[in-house]
Amino acid sequence: LRAQPAAGPNRVLELDGANSFVALPPNIFNSLKQATVEGWMNWGRVRSSDRFFDFGDRDAEIYIRADRTQLNALVAGRDGTRHRIEVAGIVRTNEWCHIALVTGPGGAKLYFNGTLVGTNAHEGSFAGLVGRNNYLGKSNYRSSDSSTRGTMDEVRIWDHARTPEQI
């Protein structure tokens, strides 16, 4: 007989949409010239302010947000440029989805449930930000009542561009 440890309960981050979010330490990603942010999200509702993550400041930020059924990714540098990826018709409430954003050399790539759904040639990443605000589940500049309602699981920030096979 072989004994295997029982799997522990999966603990997810529950966001109630009323000032519940995670604030990561400031400036922890500022040196990353390339990165991958990925995780599981279950949107409880979808408003234009609902973020999976939002790192940086209003004018120099990287985020993924949902807006109705549309998924948006933004990489905005300190030079004032704003580089978007917008994909309509894929976000649903009360359904788990895997989201990943790859940034850096080779441009930005947005993945949804393992499939590449959008790209942008902009090669910016976290090194182009001033990362004072690094939030999961909240906009980095809107009021606290704009936090996301839903559930998150297994959020990971990698210091390199992950391949499609790894995602």
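Please label the shape of the stretch 89-137 as rounded, prolate or oblate, based on the square roots a ≥ b ≥ c of the eigenvalues of the alpha-carbon gyration tensor (a/c under 1.5 means rounded; beyond that, a/b larger than b/c means prolate, else oblate). Oblate, because a/c is 1.5 or more while a/b does not exceed b/c.
Full extension of the chain segment joining Thr115 with Thr93 gains 6.0 nm, where the gain is 0.36 nm per residue of separation less the Cα-Cα distance.
Farthest towards the positive end of the charge dipole of the stretch 1-144, among the residues Val75, Gly56, Trp96, is the Cα of Trp96, using unit charges on the Cβ of Lys, Arg, Asp and Glu. On the chain, 47 percent of the accessible area sits on carbon and sulfur atoms, based on a 1.4 Å probe. In this simple spin-label approximation, Glu154 and Gln166 carry label points 7 Å from Cα along the Cα→Cβ vector, and these lie 1.6 nm apart. The calculated FRET efficiency for the pair Ser20 and Arg47, based on their C-beta separation and a Förster distance of 22 Å, comes to about 0.90.
Sorted from longest to shortest, the spans of the Cα atoms of the chain along the three principal axes equal 61, 36, 33 Å. Remark: relative contact order (the chain) = 38 percent; criterion is Cα-Cα distance under 8 angstrom and separation of 6 or more residues.
Averaging the Cα positions of each part gives two centres, and for the stretch 37-75 and the stretch 91-117 these lie 11 Å apart.
Think of each Lys and Arg Cβ as +1 and each Asp and Glu Cβ as -1; about the Cα centre, that makes the dipole of the stretch 1-137 roughly 160 debye.
Could you provide, to the nearest whole Å², the per residue accessible area of the stretch 28-167 with probe 1.4 Å? Per residue, the stretch 28-167 has an accessible area of 43 Å². Between Arg11 and Thr81, the distance separating the two model label sites (each 7 Å from Cα on the Cα→Cβ line) works out to 4.2 nm.
The values are calculated or read from the model by the stated rules, or taken from the named source; none is laboratory data. Because the structure is a prediction, the values reported are computed rather than measured. Methodologically, a virtual Cβ is constructed for each residue, glycine included, from the backbone with ideal geometry; neighbour enumeration extends over all protein chains shown. Accessible surface is based on the protein model in full, side chains and every heavy atom, while ligands, DNA and RNA are left aside. Shrake-Rupley method; radii C 1.70, N 1.55, O 1.52, S 1.80 Å.
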